[in-house]
Amino acid sequence: MQYIGSGDEMQRIDGYSIETVGIPGIVLMEKAALAMEEEIIRRFPSPVSVTIIAERGNNGGDGLALGRLLLARGYEVSFYEIGGVRHASESYQTQRKILENLGVRFSDGLPKTDSDIWVDAVFGVGLKRDVAGVQREVLEEVNRRNGFKIAVDIPSGVDASSGRILGYGFQADLTITFGLSKIGLVLYPGASLAGEVVVKDIGFPKKAVEAVRPGTIVYTKEDLCRLPKRKPWSNKGSYGKVLLIVGAKNMAGAACLSASAAYRTGSGLVRIFTCEDNREILQSRVPEAIMTTYRSEEEALLKLPEALDWASVVGIGPGLGQNAFTGKLLSMVLDRGHCPLVIDADGLNTLAALKKEEMGSAAELRREESKMAAASAEDEPRTITELYDSYKAPMILTPHLKEMERLTGKKVADIQDSLMETAKEAADAAHIFVLKDARTVVSDGSLPTYINMSGNHGMATGGSGDVLTGIICGLLAGGLTALEAARLGAYCHGLAGDQAAKEKGCYGLMAGDLVRHLNDVIR
């Protein structure tokens with residue numbers, strides 16, 4: 001597990017290191033310059049032309065210190081100070097004075113010719129306002145120029161805490177960031193401006209990071225140790241029983257993908273609850289699965305209670321369709337279920353539709369009638385909202401952006417602009433949200449929030465979400481907590497996609513490839 005920081009958190013870590021621990025700020029700045037010098041020399045071992053574009057804050061001071069080190073190495077370095085900031089920081093003034101003592105002159109504008117390297121040391125993680133005026137003009141011009149573009153800590157114009165573009169942003173080929181990666185380098189659209197991101201240690205003490213305790217984490221391959229442990233003395237019953245309520249007629253593929261993924265992630269038994277028309281296909285594709293099929297809605301509702309009693313994990317939604325029957329299945333699951341529940345796809349859409357229906361004035365009347373009826377039936381809840389709120393075990397919801405729009409009423413564009421906030425607002429201790437996008441966010445309403453860094457755009461294909469449902473169910477069956485299963489499920493799902501992309505490429509990747517490559521991830 002690794003922390004990633006917001007702009008405010010990184011400023012607090014920096015301040016704690018300087019003010020509480022006592023590390024001089026100029027020392028941290030020198031170490032940042034040395035770290036950048038190391039990366040540049042590794043890529044450009046022979047001296048080339050470099051232009052440092054700096055504002056008068058500490059980000060600019062990092063750039064000036066870097067330029068001085070490169071000059072000593074024989075690189076041809078030009079310094080352009082924009083000067084839009086009225087008062088220079090103390091560390092910036094120190095770095096500028098050193099350069100003046102060395103006889104270095106600052107140019108009045110950008111070089112007329114292209115540089116081999118352009119270094120953006122204009123704005124750092126503290127930027128809160130839109131980039132405008134002369135700063136924007138300079139960044140626009142540099143973005144048009146030829147040469148390798150390097151951002152100091154974060155590309156100017158990227159909000160370090162959200163990934164939003166504040167007016168305009170520097171397009172980097174490489175971002176060299178310090179101490180921790182930043183949320184703005186991970187979430188889009190900021191991530192699209194960052195290029196390759198290299199995190200360099202510049203001496204922030206562990207004590208400083210622990211004192212701030214950033215509110216966002218990511219997983220690395222070291223976190224695969226969190227996978228459920230297998231025991232030598234065990235049997236299929238030792239690893240849980242997954243019930244998947246999936247697959248309407250002609251939607252056997254969703255059932256196949258989620259069931260296969262649940263088995264691949266270690267579930268001892270997987271039972272598919274689906275319509276009779278899917279039996280032949282599923283028994284040929286997933287012969288390991290137990291089949292419970294129905295020919296009518298009435299038969300399904302009669303059989304479902306026994307299946308729910310059997311299960312230790314339930315997943316519902318993939319391939320079910322959005323209709324009244326799905327609503328009946330979902331209501332029964334919420335009413336009678338007793339174990340961890342994963343809701344995806346049509347389960348989410350049906351939940352959203354039923355909740356919306358209950359919001360009208362007629363629904364209010366039905367709610368009151370339902371409450372009265374519940375009072376005479378051992379106070380059991382009846383509306384979908386009451387069932388949702390009172391479910392007896394942890395619940396994991398896995399919406400993509402459009403599904404989240406239906407669940408929350410927020411527009412997709414607004415959700416994209418606030419992925420972490422949206423997931424955190426919707427979640428609570430009983431309802432964990434896995435908000436799926438290019439960067440999937442997992443939240444139980446508390447901190448830290450998890451951002452998933454594995455995966456690729458080849459996974460934007462039909463059935464990918466069905467695989468994720470199966471993975472999370474399999475991990476739950478193995479004994480992980482709901483929050484851990486959600487985080488690790490998203491991570492393993494993305495790793496399988498990365499393995500598949502190595503073999504198939506992103507254009508040719510299919511959801512079935514994710515299932516096959518789970519073996520490469522989970523061993």
**Relative packing of 270-277, 322-329, 189-196, which averages over residues the other C-beta atoms within 10 Å, highest first** = 270-277, 189-196, 322-329
**Request:** Taking a cut-off of 16 Å between Cα atoms, list the aspartates and glutamates near Lys502, but don't count ones fewer than 8 places away on the same chain.
**Result:** Asp513, Asp520
**Prompt:** Using the eigenvalues of the Cα gyration tensor, what equivalent ellipsoid semi-axes result for the chain when each is taken as the square root of five times the eigenvalue, whole Å, largest first?
**Reply:** 52, 24, 20
**Item:** Cα long-axis angle, helix 133-144 against the chain (0 to 90 degrees, to the nearest 10)
**Value:** 80
**Asked** Using 0.36 nm per residue, how much length does the chain from Glu503 to Leu102 gain when fully extended, once their Cα-Cα distance is taken away?
**Response** 139.0 nm
**Asked** Using a basic spin-label model with each label point 7 Å from the Cα along Cα→Cβ, how many nm lie between Asp428 and Lys112?
**Response** 6.8
**Prompt:** Per residue of the chain, what 222 nm ellipticity follows from adding -39500 (n - 2.57) for every DSSP H run with n ≥ 4, rounded to the nearest 500?
**Reply:** -13500 deg cm²/dmol
**Request:** Note down the nm distance, to one decimal, between modelled labels 7 Å out along Cα→Cβ at Lys207 and at Ser418.
**Result:** 3.8
**Asked** Tell me, how many Å apart are the Cα centres for the stretch 450-523 and for the stretch 1-77?
**Response** 37
**Asked** So what's the angle, to the nearest 10 degrees on a 0 to 90 scale, between helix 25-43 and the longest Cα principal axis of the chain?
**Response** 80
**Request:** Which order do the peptides 476-488, 223-235 take when ranked by the mean count of other beta-carbon atoms within 10 Å per residue, highest first?
**Result:** 476-488, 223-235
**Item:** Alpha-carbon gyration tensor eigenvalues x 5, square-rooted, for the stretch 276-351, Å
**Value:** 19, 15, 13
**Message:** Give me the extension gain from Thr20 to Trp233: residue separation times 0.36 nm, minus the current Cα-Cα distance, reported in nm with one decimal.
**Reply:** 71.5 nm
**Complete:** Lys and Arg at +1, Asp and Glu at -1: neighbours of Cys225 with Cβ under 15 Å from its Cβ sum to +3
**Asked** Residues with beta-carbon under 13 Å from that of Ser181, excluding Ser181: net charge, scoring Lys, Arg +1 and Asp, Glu -1?
**Response** -1
**Request:** Please report Rg over Rh for the stretch 111-245, where both radii come from the alpha carbon positions and Rh follows the Kirkwood definition.
**Result:** 1.20
**Asked** Hey, which lysines would be in cross-link range of Lys356, C-alpha to C-alpha under 28 Å, not counting anything within fewer than 8 residues on its own chain?
**Response** Lys249, Lys328, Lys371, Lys392, Lys402, Lys410, Lys411, Lys424, Lys436
**5 angstrom amide H check on Gly319, placed H, neighbours 5+ away** = Gly247, Asp346
**Request:** Could you please state, rounded to a whole Å, how far the C-alpha centre of the stretch 250-293 is from the C-alpha centre of the stretch 390-416?
**Result:** 26
**Message:** Compute the angle between helix 324-336 and the longest alpha-carbon principal axis of the chain, please, reported from 0 to 90 degrees and rounded to the nearest 10.
**Reply:** 90
**Request:** Provide the packing ranking of 94-104, 159-169, i.e. peptides ordered by the mean count of other C-beta atoms within 10 Å per residue, highest first.
**Result:** 159-169, 94-104
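Bear in mind these aren't lab numbers, they're just calculated from the coordinates by the rules spelled out. Note that the structure is predicted; figures quoted are calculated from it, not measured. Reconstructed Cβ throughout: ideal geometry from the backbone, glycine too, with neighbour counts over all protein chains shown.
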